[in-house]
Amino acid sequence: MCGIVGYTGTSQAAPILLDGLARLEYRGYDSAGLAIRDGSELAQVVKSTGKLRSLIEKTDSGRSLAGTCGIGHTRWATHGEPSQTNAHPHVSGNCTGSACGQVESEVVGVHNGIIENYLELRDKLSRHGYQFYSETDTEVVVKLIDYYYRKYKIGPVDAINRTLVRVRGTYALALMFRDHPGEIYAARKDAPMIIGVSGENSYLASDVPAILNYTRSVYYIGNLQIARVLPGEVHFYDLNGDEVQLERTEITWDAKAAEKNGFEHFMIKEIYEQPAAVRDTLASLLCDGKISLADTGLDDTTLRSVSSIRIVACGSAWHVGMAAQYILEDLAQIPVRVELASEYRYRKVLSDDRELLIVISQSGETADSLAALRKGKDMGIRTLAIVNVVGSTIAREADHVLYTHAGPEIAVATTKAYSSQLIAIYCLAVETAFMLGRIDEEAYEYYIQELTSLPDKITRILEEKERIQWFASKYSNARDIFFIGRGLDYAISLEGSLKAKEISYVHSEAYAAGELKHGTISLIEDNILVIGVLTQKDLFEKTVSNMAECKARGAYLMALTSYGNYSVEDSADFTVYVPKADPHFMASLAVVPLQLFGYYSGVARGLDVDKPRNLAKSVTVE
């Protein structure tokens with residue numbers, strides 16, 4: 001959600017900021033803006049709507065803005081429609097139109113998140129003579145900081161602290177003060193922010209790719225902390241204004257991993273990176289041919305003490321949880337409940353101290369998942385985070401962390417992160433089953449052998465993508481698509497349906513196949529596309545029967561199954577095959593053709609598959 005970049009140092013700031021914003025385009029946005037300071041000169045503010053290229057053209061690629069200190073932002077509208085006036089940065093004075101020009105404002109700022117009590121604060125400031133030019137909650141925060149800064153004649157850190165005590169909601173803030181040239185102040189609560197240093201230069205951003213080309217040495221600013229960023233140095237403070245020390249972290253990602261490297265889109269590149277992501281995640285969990293959870297801190301005693309598991313997540317991560325429920329219950333024979341984090345956080349939960357709460361999130365910053373984690377911890381429940389981003393908030397706050405190794409995922413629609421999360425779940429399930437004595441040594445070794453075969457099998461699927469590409473082009477204008485499956489195949493169908501709707505904007509739904517007769521089959525009519533997922537041998541014939549019921553009502557059938565199940569061709573109009581694997585692990589294979597179907601459908605419709613409308617990569621607000 002939105003993107004923040006900041007720079008202060010010895011180079012011209014604007015080109016660096018624009019480069020950083022370009023690397024954050026995947027997060028989703030509707031407008032963009034820059035604020036640049038040149039020593040003691042007034043801040044120069046330039047804003048535009050639409051794609052970032054508009055801002056690049058308006059500033060001559062940043063060359064028209066002199067100054068070595070600045071902040072930039074790409075906005076995803078929450079409060080106020082997408083417009084030049086509502087675009088960030090916002091100022092404590094008055095700023096309207098496409099470009100504010102030089103503004104005589106004490107405070108200039110950008111913000112990710114939502115301030116829930118902004119109307120109350122706006123009324124307070126109005127009574128003190130402040131006028132508002134935008135509809136945003138961000139302008140309110142900037143002017144509240146200005147109010148405390150002027151009224152009490154205090155420094156930036158104290159003014160920010162007084163403000164943060166008054167606001168309710170989530171935020172990542174980057175601010176510049178007129179009286180403090182060359183300095184940027186940052187603060188965060190439940191929204192990501194990193195700060196990097198290299199020589200005499202300092203950088204800040206809401207995500208790693210924005211600054212990866214400039215530094216790998218970063219700080220993860222803590223929740224309810226403030227940072228004072230100067231050229232080549234950073235100081236951190238708590239809400240009392242006391243300085244605190246943070247450790248630097250070295251980013252290990254390859255900068256090229258955040259580039260397209262010859263692929264037309266990030267999404268197809270990341271689909272092709274899945275064998276490596278699966279292999280790397282698996283390698284991190286295998287030691288001498290055995291699964292090791294030592295890095296997570298989950299020892300054998302802890303695993304044996306678990307009486308039930310609850311998984312909370314959002315979006316595709318929730319679909320991983322749905323698959324995990326079938327796998328964990330079957331292998332480890334532990335009761336598993338899967339919940340949407342946005343529901344879990346707001347209802348009364350009945351748990352005991354032997355429950356394990358698993359929170360799954362690619363970014364480690366998902367607002368609802370973070371809130372669910374904190375709720376679980378407040379209840380005294382042991383927590384395990386499955387995340388991809390080292391140092392993320394969820395990773396830092398969970399009792400145990402299982403890192404996936406997908407590398408940076410740029411496309412909004414997840415692919416390789418989903419596949420890596422599945423591998424993490426598989427390993428957790430197999431190891432727990434073995435520790436509890438649910439499987440013997442022979443079965444344990446068999447499952448590990450099956451896991452290690454998955455990357456090569458995914459590669460084989462990708463080598464046969466042409467049939468899916470052809471089929472997606474043929475049905476790219478479909479009005480409705482129904483995905484059906486039973487058991488684990490239902491969990492796979494959920495993810496396939498999401499990929500279709502978020503990338504191609506086609507209405508699609510996933511149903512447990514046995515539920516069709518309970519209402520949904522009334523929607524089946526001539527030429528509606530029904531995609532049946534059939535990877536579970538024990539449920540194969542029942543799902544084929546459900547597909548036949550759809551065909552009898554005029555539906556066009558696509559079947560997704562494993563090699564050897566050729567009998568489905570008698571019912572389906574088009575069949576896609578994936579290699580055989582242990583049934584518990586078939587989601588890793590079956591999801592790949594569905595990812596390709598969603599991708600090529602979007603491409604055939606001429607859509608921006610990397611940045612679907614109205615969506616953002618990391619959902620850090622409710």
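See the values below:
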item	result
Tabulated pairs, the stretch 595-611, first over 9 Å from SER504 (Cβ atoms), second acidic (Asp, Glu) and buried (at least 23 other Cβ atoms within 10 Å of the Cβ), C-beta under 9 angstrom, 6+ apart or interchain	GLN595/GLU495
Scan of the stretch 403-436 for residues that are closer than 20 Å to GLY297 by Cα and hydroxyl-bearing (Ser, Thr, Tyr), ordered by number	TYR403, THR404, SER420, TYR426, THR432
Filtered residues of the stretch 512-535 (kept if surrounded by fewer than 22 Cβ atoms within 10 Å (Cβ to Cβ) and within 29 Å of the chain's Cα centre (by Cα))	ALA512
Selection count, the stretch 157-211, where residues are of a type outside the set (A, V, I, L, M, F, W, C) and either more than 19 Å from VAL142 (Cβ to Cβ) or under 22 Å from the mean Cα position of the chain (by Cα) (or both)	18
Residue identified as free of Cβ contacts under 8 Å to residues at least 40 places away in the same chain and of a type in the set (Asp, Glu) among GLU120, GLU183, GLU106	GLU120
Selection from the stretch 43-53 of residues that are of a type in the set (Gly, Ala, Ser) and modelled with pLDDT under 90	ALA43, GLY50
Filtered residues of the stretch 114-134 (kept if of a type in the set (Gly, Ala, Ser) and open to solvent by less than 10 Å² (accessible area, probe 1.4 Å))	SER134
Residue list for the stretch 387-401, restricted to those being of a type in the set (A, V, I, L, M, F, W, C) and free of Cβ contacts under 8 Å to residues at least 60 places away in the same chain	VAL387, ILE394, ALA395, ALA398
Where THR170 falls short, out of the listed (1) open to solvent by 10 Å² or more (accessible area, probe 1.4 Å); (2) in contact with a Gly (Cβ under 9 Å, 6 or more places away or on another chain); (3) not in a strand (DSSP E or B)	(3)
Candidates GLU463, GLU450, GLU549 - the one that is in contact with an Asp or Glu (Cβ under 7 Å, 6 or more places away or on another chain) and either surrounded by fewer than 22 Cβ atoms within 10 Å (Cβ to Cβ) or at positive phi (or both)	GLU450
Failed item in (1) over 26 Å from the mean Cα position of the chain (by Cα); (2) surrounded by fewer than 19 Cβ atoms within 10 Å (Cβ to Cβ); (3) in a helix (DSSP H, G or I); (4) of a type outside the set (Phe, Trp, Tyr), with ILE468 passing the rest	(2)
Residue check, ARG337 of a type outside the set (A, V, I, L, M) and either open to solvent by less than 40 Å² (accessible area, probe 1.4 Å) or under 30 Å from GLU442 (Cα atoms) (or both)	yes
Some residue of the stretch 300-312 being more than 21 Å from SER493 (Cα to Cα), over 17 Å from the mean Cα position of the chain (by Cα) and basic (Lys, Arg)	yes
Strands (runs of 3 or more DSSP E) lying entirely in the stretch 30-101 (those with 1 or more residues that are in contact with a strand residue (DSSP E or B) (Cβ under 7 Å, 6 or more places away or on another chain) and open to solvent by 30 Å² or more (accessible area, probe 1.4 Å))	43-49
Listing of helices (runs of 4 or more DSSP H) fully contained in the stretch 335-437 that carry 3 or more residues being over 30 Å from ALA500 (Cα atoms) and charged (D, E, K, R)	367-378
Single condition ALA413 does not satisfy, out of (1) aliphatic (A, V, I, L, M); (2) at pLDDT 95 or above; (3) open to solvent by less than 10 Å² (accessible area, probe 1.4 Å)	(2)
Number of the exception - ASP608 against (1) assigned to a strand (DSSP E or B); (2) under 28 Å from the mean Cα position of the chain (by Cα)	(1)
ASN477 being touching a strand residue (DSSP E or B) at 6+ places or on another chain (Cβ under 6 Å), touching a residue at least 12 places away in the same chain (Cβ under 8 Å) and assigned to a loop (DSSP other than H, G, I, E, B)	no
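Conditions (1) under 23 Å from ILE503 (Cα atoms); (2) under 34 Å from the mean Cα position of the chain (by Cα); (3) open to solvent by less than 30 Å² (accessible area, probe 1.4 Å), marked per residue:
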| site | (1), (2), (3) |
| --- | --- |
| GLY554 | no, no, yes |
| ASN565 | no, no, no |
| ASP570 | no, no, no |
| LYS580 | no, yes, no |
| PRO583 | no, yes, no |
| SER588 | yes, yes, yes |
| TYR599 | yes, yes, yes |
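The values are calculated or read from the model by the stated rules, or taken from the named source; none is laboratory data. The model shown is predicted, which means the values in this text are computed figures rather than measured ones. Neighbour counts run over all protein chains shown; Cβ positions are idealised from the backbone, glycine included. Each accessible area value is taken on the protein alone, full model and side chains, heavy atoms only, with ligands, DNA and RNA left out. Shrake-Rupley method; radii C 1.70, N 1.55, O 1.52, S 1.80 Å.
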